[in-house]
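Coordinate-derived values only; no laboratory data. As the structure is a computational prediction, the values presented were derived from the model and not from experiment. With ideal geometry, Cβ positions are generated from the backbone for all residues, glycine too; neighbour counts draw on all protein chains shown.
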Amino acid sequence: MTLPALRPGDRALLDVEGLSALIAALRDDGFRVIGPVVRDGAIVYGDVRAAGDLPAGWTDDQAPGRYRLRR
């Protein structure tokens, strides 16, 4: 999929497919894409290969001495 050319100041809205295409284009150009992912019961930063790797629908509850991951 070819992404449209944007000029400075242009705005774009990406759906899930578009975000996955952007991530793929960056990886194809040799970039490492890092973002929030769910791993070992926590939201942490890690490698993102597609939009599905992002923690959509997940959140975390934090308080002193407590961390809980929930949908």
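The length gained by stretching the chain between T59 and A24 to full extension, at 0.36 nm per residue less their Cα-Cα distance, is 10.1 nm. Each Cα pair under 8 Å and six or more residues apart adds its sequence gap; the mean of these over the residue count of the chain is a relative contact order of 22 percent. The angle between the Cα long axis of helix 16-28 and the longest principal axis of the Cα atoms of the chain comes to about 80 degrees, rounded to the nearest 10.
Among the chymotrypsin sites (Phe, Trp or Tyr not before Pro) found in the chain, those both in a DSSP coil and sparsely packed, with 15 or fewer other Cβ atoms within 10 Å of their Cβ, are F31, W58.
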